[in-house]
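Presented below is the structure to which this report refers.
The values are calculated or read from the model by the stated rules, or taken from the named source; none is laboratory data. Please read all numbers here as calculations on a predicted model, not as lab measurements. Cβ: placed from backbone, ideal geometry, glycine included. Neighbour counts: every protein chain shown. Only protein heavy atoms, including side chains, enter the accessible area calculation; ligands, DNA and RNA are left aside. Shrake-Rupley method; radii C 1.70, N 1.55, O 1.52, S 1.80 Å.
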Amino acid sequence: MVWVPLRTTRTDHLALLYTSKNSFTKMSLEWLMDWSWSLDGLRDFIATGIQSFRDCDTTALTAVACLLVLFVWYCYHVGREQPRTYVTVNSLMQSSDASGLQNGYAYCRSPECVRCTRNDGLNQKLYHNLQEYAKRYSWSGMGRIHKGIREQGRYLNSRPSIQKPEVFFLPDLPTMPYFSRDAQKHDVELLERNFHTILCEFETLYKAFSNCSLPQGWKMNSTPSGEWFTFYLVNQGTCVPKNCRKCPRTYRLLGSLRTCIGNNVFGNACISVLTPGTVIAEHYGPTNIRIRCHLGLKTPSNCELVVGGEPQCWAEGRCLLFDDSFLHTAFHEGPPEEGPRVIFMVDLWHPNVAAAERQALDFIFAPGR
């Protein structure tokens with residue numbers, strides 16, 4: 001059998017390709033049947049293969065090759081990534097209690113925790129985490145974070161006394177004690193629509209106080225006067241499984257929030273209760289990258305939140321947004337018969353922290369890092 005090249009005009013290009021493929025297949029079958037691998041036959045075989053590739057559209061072959069290279073690169077890149085763990089409601093309900101829980105509350109036991117421990121090597125540790133993130137992903141969009149970590153000591157020491165975050169200050173963020181509802185409009189409206197759901201689950205929890213002084217899952221905080229109780233669903237970026245099982249609908253709601261901080265040590269979600277006569281001492285939050293959202297569940301008279309010297313009152317079914325890196329306090333001076341002040345608290349991202357910065361901060365301040 002002798003191969004005869006065909007004319008390669010555009011009009012008969014398909015016929016050429018089809019004929020070449022048929023010739024190639026037929027010749028290969030004949031050689032396999034009689035096992036005659038002569039030098040002339042091998043030469044014809046190679047020539048046929050070369051001509052077949054020449055007859056194919058070069059642009060199409062180039063596109064296929066590029067797609068193949070991109071696919072191989074993508075598989076390699078994804079394979080090198082460390083998967084992030086997400087806790088689903090079903091797995092949460094089936095999981096056993098997390099280690100390190102006392103009375104249903106996750107206490108920090110690590111001496112290296114950047115949220116709870118003050119040490120001279122904090123900036124070096126944060127910069128190491130940033131370098132690790134940039135090496136794995138990109139330096140793009142990391143300007144403010146890099147600047148903040150590099151000059152963290154100067155920022156924290158030079159800040160006016162009205163705003164002094166205790167752990168991390170991100171420069172060039174708009175500064176104000178309170179935020180409007182439009183700052184995180186979607187999440188505010190979602191929380192307010194589910195006001196009765198959250199209130200119902202709180203009332204079920206609060207019935208346990210009639211049986212003992214401090215029911216399982218609640219934490220008592222130190223105050224100059226009165227009593228301040230918190231029931232954490234998420235504490236410093238870590239879910240508290242036993243508590244979440246007691247508030248399943250509220251926990252599911254957290255997963256629907258677009259700006260909830262749930263993957264780093266600055267993220268919390270809890271029910272906060274102040275009994276009549278309670279005053280919370282003035283204090284600063286750990287960072288300015290978040291805004292704290294309070295949804296009023298029970299708001300008696302003479303209850304106030306004071307942030308940066310500006311007082312505000314809670315309202316049932318309404319959200320109040322503020323920057324807790326400002327000096328702030330809260331008190332309940334209402335009569336005992338009006339009962340406790342109760343809010344649902346959740347930490348949301350500051351609206352001016354970009355998406356790339358949020359991803360990097362989640363990596364740098366990941367729980368246990």
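Being within 18 Å of Leu297 (Cβ to Cβ), among the charged types (D, E, K, R) and either touching a Gly at 6+ places or on another chain (Cβ under 6 Å) or without any contact (Cβ under 8 Å) to a residue 40 or more places away in the chain (or both), is that true of even one residue in region 227-247? Looking for residues that are within 18 Å of Leu297 (Cβ to Cβ), among the charged types (D, E, K, R) and either touching a Gly at 6+ places or on another chain (Cβ under 6 Å) or without any contact (Cβ under 8 Å) to a residue 40 or more places away in the chain (or both), one finds none in region 227-247, hence no.
Residues in region 152-163 that are of a type outside the set (Val, Ile, Thr) and either touching a residue at least 40 places away in the same chain (Cβ under 8 Å) or open to solvent by 50 Å² or more (accessible area, probe 1.4 Å) (or both): Arg154, Asn157, Ser158, Arg159, Pro160, Ser161, Gln163.
Quick check on Leu305: is it within 15 Å of Ile198 (Cα to Cα), part of a strand (DSSP E or B), in contact with a strand residue (DSSP E or B) (Cβ under 6 Å, 6 or more places away or on another chain) and hydrophobic (A, V, I, L, M, F, W, C)? So Leu305 fails the test.
For Thr238, the criteria (1) open to solvent by less than 30 Å² (accessible area, probe 1.4 Å); (2) closer than 26 Å to His328 by Cα hold in every case but one, which is (1). Among the residues making up region 284-303, those that are of a type outside the set (Ser, Thr, Tyr), within 27 Å of Phe168 (Cβ to Cβ) and either open to solvent by less than 10 Å² (accessible area, probe 1.4 Å) or modelled with pLDDT under 95 (or both) are Gly285, Pro286, Asn288, Ile289, Arg290, Ile291, Cys293, Leu295.
So in region 131-151, with the set limited to residues that are in a loop (DSSP other than H, G, I, E, B) and under 15 Å from Ala356 (Cα atoms), which one is most open to solvent (accessible area, probe 1.4 Å)?
Taking the candidates together, the pick is Trp139.
In region 241-263, the qualifying residues are those that are modelled with pLDDT of 95 or more and not in a helix (DSSP H, G or I), and the one that is surrounded by the fewest Cβ atoms within 10 Å (Cβ to Cβ) is Arg258.
All of (1) over 20 Å from Thr287 (Cβ atoms); (2) at pLDDT 95 or above; (3) assigned to a helix (DSSP H, G or I) hold for Gln184 with one exception: (1).
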